[in-house]
Amino acid sequence: MKENTKTAVVIGGGIVGICCALFLQKKGLNVTVIDPSEAGESTAKWSCGQMAVSEIIPLSKKGILKKIPYWLLDQQGPLALRPSAFPQIIPWFLQFLSCARTSRIEEIASSLASLTQHVYDDYAVLLKDCADQNLLGHRPVLEFFDDVQDIEHEKEYLELRQHFGFKHQILNEKEITDLEPTFAGKFKHGLLFNDWTAVKDTKGFIVALSNCFIAKGGQRIQAEATELKENNHLIKQVNLSNTQILDTDYVVIAAGVGSRVFSRQLGVNPPLLGIAGYQVVLPQPKVEIKHSIIYASGGFCFSPMTRGLQIGGTIEFAASGSKPNMKRAEIILNKAKQLVPELGLEGVEYGVGYRPFLPDTKPIIDISPRFSNVALAFGHGQLGLTLAATTGRLVTDLLLQQSSTFNLEPFKATRFS
């Protein structure tokens with residue numbers, strides 16, 4: 001460590017936090033990452049592991065209002081809403097529904113596309129320093145449908161994706177069978193996303209980047225950040241739950257849903273909601289699935305990883321502080337077994353990650369309105385893994401006041417005021 005090196009503290013050691021730390025480190029800063037969990041034990045671990053670069057359509061698609069009664073009634077569907085949670089999250093839902101207009105959907109898609117177009121280039125900068133050069137897979141992602149009408153319903157959004165340069169290919173039954181023999185005779189309609197790929201293992205991906213960060217002199221402390229100490233209109237110290245006090249020149253808040261703890265002090269009040277995403281891991285699945293696969297009608301994904309076959313994607317709206325309902329994970333597994341009866345269940349593991357969603361499905365990438373040395377990097381929803389590296393690059397440019405032509409106005413923290 002050089003005496004005159006500037007220091008940074010990144011609060012949050014998940015995929016977004018570690019990418020922010022790596023980009024700051026590349027600029028010569030002495031960086032410390034704070035997280036109460038071990039590396040890899042974060043929300044992104046319990047994701048489908050896809051680089052979903054054309055997933056730019058907001059969750060608030062047209063006709064969403066009509067679906068809310070079904071979410072309340074059908075607790076076994078791919079998207080559920082606990083009745084007890086509804087009164088508490090009404091304000092969030094009102095803003096969410098305001099994003100269902102065609103003009104807003106197109107605006108949000110355009111903003112997200114401006115980020116996702118840089119995903120692979122930004123990750124390449126970080127992954128070239130990792131010992132394992134095959135952390136990212138090379139196979140495209142597939143999506144299967146029960147009926148051709150299901151693809152027709154997506155036609156408008158597929159065309160919008162194409163408008164921003166993202167590709168897809170419509171698959172017939174033979175093409176599906178050739179790509180994935182396990183699903184022979186089960187699907188006649190599908191899509192192939194040429195621009196997408198998936199990581200070999202969500203946990204392993206985060207661990208590898210964390211190890212690279214530490215190998216280059218970074219520090220990762222397993223504790224909670226409990227207090228930000230102000231001095232002369234800057235945050236100059238971070239207090240930890242283990243009684244440590246860290247002096248710092250810069251701070252990044254990248255703690256997902258946990259970022260809410262510091263919102264008021266930092267001069268923002270974003271409507272950040274943790275939406276539960278349930279997953280199942282089968283260490284010995286007994287079937288070979290070659291691609292990461294979205295089963296659209298079933299509402300879940302098959303993601304082959306080095307630690308097993310991960311199945312998940314169903315999401316649930318629940319009140320803040322609610323205990324996870326692992327029956328949701330069992331529902332996923334039962335549906336997967338109906339589709340692929342030969343699945344092996346030995347050593348099955350259930351998990352849940354709380355996706356930090358904002359009503360417009362866009363993350364916050366900004367500087368605190370109160371402190372010019374604090375960056376905000378949270379609210380990525382289901383795109384945390386996809387957007388982490390790009391977020392890290394942009395946050396670094398913001399903090400160090402590097403010149404940039406990138407328009408971050410759509411991602412400002414104050415846009416909900």
From (1) closer than 20 Å to Ile294 by Cα; (2) within 17 Å of the chain's Cα centre (by Cα), pick out the condition that doesn't hold for Tyr350. (2)
Hey, could you check segment 294-311 for residues that are aromatic (Phe, Trp, Tyr) and open to solvent by less than 10 Å² (accessible area, probe 1.4 Å) and say which is modelled with the lowest pLDDT? Phe300
Given (1) open to solvent by less than 10 Å² (accessible area, probe 1.4 Å); (2) modelled with pLDDT under 95; (3) assigned to a strand (DSSP E or B), index of the condition Arg355 fails: (1)
Would you confirm, using the coordinates I've provided, whether Lys323 is out of contact with any Gly (no Cβ under 9 Å at 6 or more places or on another chain), closer than 23 Å to Arg260 by Cα and not in a strand (DSSP E or B)? yes
Thr314 passes all but one of (1) modelled with pLDDT of 95 or more; (2) assigned to a strand (DSSP E or B); which number fails? (1)
Assuming Lys286 fulfils every condition listed in (1) surrounded by fewer than 16 Cβ atoms within 10 Å (Cβ to Cβ); (2) part of a strand (DSSP E or B); (3) touching a Leu at 6+ places or on another chain (Cβ under 9 Å) apart from one, which condition is it? (2)
Per-region count, segment 256-275, residues surrounded by fewer than 20 Cβ atoms within 10 Å (Cβ to Cβ) and among the small types (Gly, Ala, Ser): 2
Residue hits (segment 238-255; open to solvent by less than 30 Å² (accessible area, probe 1.4 Å) and either assigned to a loop (DSSP other than H, G, I, E, B) or at pLDDT below 95 (or both)) are Thr248, Ala254
Between residues in segment 43-58 that are more than 18 Å from Tyr120 (Cα to Cα) and residues that are open to solvent by 10 Å² or more (accessible area, probe 1.4 Å) and among the small types (Gly, Ala, Ser), which pairs lie under 7 Å by C-beta distance while being six or more apart or on different chains? Thr43/Gly14; Thr43/Gly256; Thr43/Gly384
Looking only at segment 19-34, decide whether some residue is on the phi > 0 side of the Ramachandran plot, crowded, with 24+ Cβ neighbours inside 10 Å and at pLDDT 95 or above. no
Would you kindly identify the strands (runs of 3 or more DSSP E) lying entirely within segment 121-236 that contain at least 1 residues that are open to solvent by 50 Å² or more (accessible area, probe 1.4 Å) and in contact (Cβ under 8 Å) with a residue 60 or more places away in the chain? 219-222, 225-231
Flagged in segment 326-352 as of a type in the set (Val, Ile, Thr) and either in a loop (DSSP other than H, G, I, E, B) or open to solvent by less than 20 Å² (accessible area, probe 1.4 Å) (or both), in numbering order, are Ile332, Val340, Val348
Return yes or no: is Gln117 closer than 19 Å to Pro356 by Cβ, touching a residue at least 12 places away in the same chain (Cβ under 8 Å) and open to solvent by 10 Å² or more (accessible area, probe 1.4 Å)? no
Looking at segment 276-308, which of its residues are under 19 Å from the mean Cα position of the chain (by Cα) and of a type in the set (A, V, I, L, M)? Ala276, Val280, Val281, Ile293, Ile294, Ala296, Met305
Given the conditions (1) modelled with pLDDT of 95 or more; (2) polar (S, T, N, Q); (3) exposed (fewer than 15 other Cβ atoms within 10 Å of the Cβ), report the number of the one that Ser111 does not fulfil. (3)
For segment 29-45 the number of residues that are under 21 Å from Gly312 (Cβ atoms) and either in contact with a Cys (Cβ under 7 Å, 6 or more places away or on another chain) or of a type in the set (S, T, N, Q) (or both) is 3
Provide a single number: the residues in segment 164-185 that are out of contact with any Asp or Glu (no Cβ under 9 Å at 6 or more places or on another chain) and either closer than 23 Å to Ser114 by Cα or at pLDDT below 95 (or both). 1
Scanning segment 369-405 for residues that are in a loop (DSSP other than H, G, I, E, B) and open to solvent by 50 Å² or more (accessible area, probe 1.4 Å), which turns out farthest from Ile235 (Cα to Cα)? Thr405
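The values are calculated or read from the model by the stated rules, or taken from the named source; none is laboratory data. Note that the coordinates shown come from a computational prediction; the quantities given were computed from them, not determined experimentally. Cβ sites come from the backbone with ideal geometry, for glycine too, and all protein chains shown count toward neighbours. Calculation scope for accessible area: heavy atoms of the full protein, side chains included, ligands and nucleic acids excluded. Shrake-Rupley method; radii C 1.70, N 1.55, O 1.52, S 1.80 Å.
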